[in-house]
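Comments concern the structure below.
The values are calculated or read from the model by the stated rules, or taken from the named source; none is laboratory data. This is a predicted model, so every value here is computed, not measured. Cβ placement follows ideal geometry from the backbone for every residue including glycine, while neighbour counts extend to all protein chains displayed.
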Amino acid sequence: MADLTPIRPFLWFDGRAQEAMDYYVSVFPNSSVDAVVHYPDESLDRHFQGMGGKVINGEFTLNGMPFGCLDGGPEFAFNESISFVVACEDQAEIDRYWAALSAVPEAEACGWCKDRFGVSWQIVPAGLDLLQQRPEQIQAFMQMKKIVIAELEGV
C-alpha cells in the first residue's frame with residue numbers, strides 16, 4: 001500500500017538504495033523497509049542498461065517517519081544543502097548516532113556529519129536552543145564537530 005503522507009523525503013542513490021535502506025533501518029529504532037520494487041531485467045529495454053535488479057522505488061520508515069528512494073545513477077549527488085535533524089535526548093544518544101552516521105570527517109561541523117552514502121545529518125541535543133543562549137556558548141558550539149552537551153553547559 002502506498003504511503004499517504006502528504007510530504008516525505010525521497011532520496012536518489014547511485015546504485016546503493018537497498019544498502020542504504022538496510023543500513024538506516026539498523027541505525028534507527030521503530031524503522032523498517034516497507035516496500036521495494038526493482039528495475040526489470042535490463043535486456044528488456046535499452047533504458048534499463050546497467051539498472052537490472054536495482055531499486056526503482058523503495059519505501060522505508062525511520063523512527064516512524066516515511067521515506068522513499070531509488071537508484072537513479074550518478075547524475076545527481078547529495079550535498080549539505082539538505083540534511084536530516086536527529087534530536088537526541090542525551091549525550092549517549094548523540095554519541096551513538098554520531099558513531100553510526102559520521103563517515104566523512106572533513107564534513108563534520110557544529111553537529112553536522114555526512115554518512116557513507118553522502119547524506120548529511122545534524123545530530124543535536126533536543127534542547128539545542130537552550131544551549132545557545134549566551135555568546136560564549138555559541139562560540140563554543142561553532143568550534144565543535146560532534147556536540148558535547150557538558151561543554152556547552154559549562155561555558
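The number of residues in the stretch 68-126 being under 19 Å from residue 153 (Cα atoms) and of a type in the set (Asp, Glu) comes to 4.
If you go through the stretch 135-142 one residue at a time, do you hit one that is exposed (fewer than 14 other Cβ atoms within 10 Å of the Cβ), in contact with a strand residue (DSSP E or B) (Cβ under 9 Å, 6 or more places away or on another chain), free of Cβ contacts under 8 Å to residues at least 40 places away in the same chain and more than 28 Å from residue 37 (Cβ to Cβ)? Yes, because at least one residue in the stretch 135-142 is exposed (fewer than 14 other Cβ atoms within 10 Å of the Cβ), in contact with a strand residue (DSSP E or B) (Cβ under 9 Å, 6 or more places away or on another chain), free of Cβ contacts under 8 Å to residues at least 40 places away in the same chain and more than 28 Å from residue 37 (Cβ to Cβ). The set of residues from the stretch 86-130 being assigned to a helix (DSSP H, G or I) and in contact (Cβ under 8 Å) with a residue 60 or more places away in the chain comprises 97, 100, 101. The lone criterion from (1) closer than 27 Å to residue 7 by Cα; (2) surrounded by fewer than 17 Cβ atoms within 10 Å (Cβ to Cβ); (3) of a type outside the set (Ser, Thr, Tyr) left unmet by residue 117 is number (2). As for the stretch 54-63, it holds no residue that is within 12 Å of the chain's Cα centre (by Cα) and of a type in the set (Gly, Ala, Ser). Taking the criterion of being part of a helix (DSSP H, G or I) and among the polar types (S, T, N, Q), the residues of the stretch 8-42 that qualify are 18, 26. Considering the stretch 51-85, the residues that are in contact (Cβ under 8 Å) with a residue 60 or more places away in the chain and small (Gly, Ala, Ser) include one that is nearest to residue 127 (Cα to Cα), namely 68. Across the stretch 71-96, the qualifying residues are those that are buried (at least 19 other Cβ atoms within 10 Å of the Cβ) and of a type outside the set (Val, Ile, Thr), and the one among them that is farthest from residue 117 (Cα to Cα) is 88.
In the stretch 36-50, the residues that are at pLDDT below 75 form Cβ pairs under 8 Å with partners that are surrounded by fewer than 14 Cβ atoms within 10 Å (Cβ to Cβ) and polar (S, T, N, Q), at six or more places apart or across chains, as follows: 42/49.
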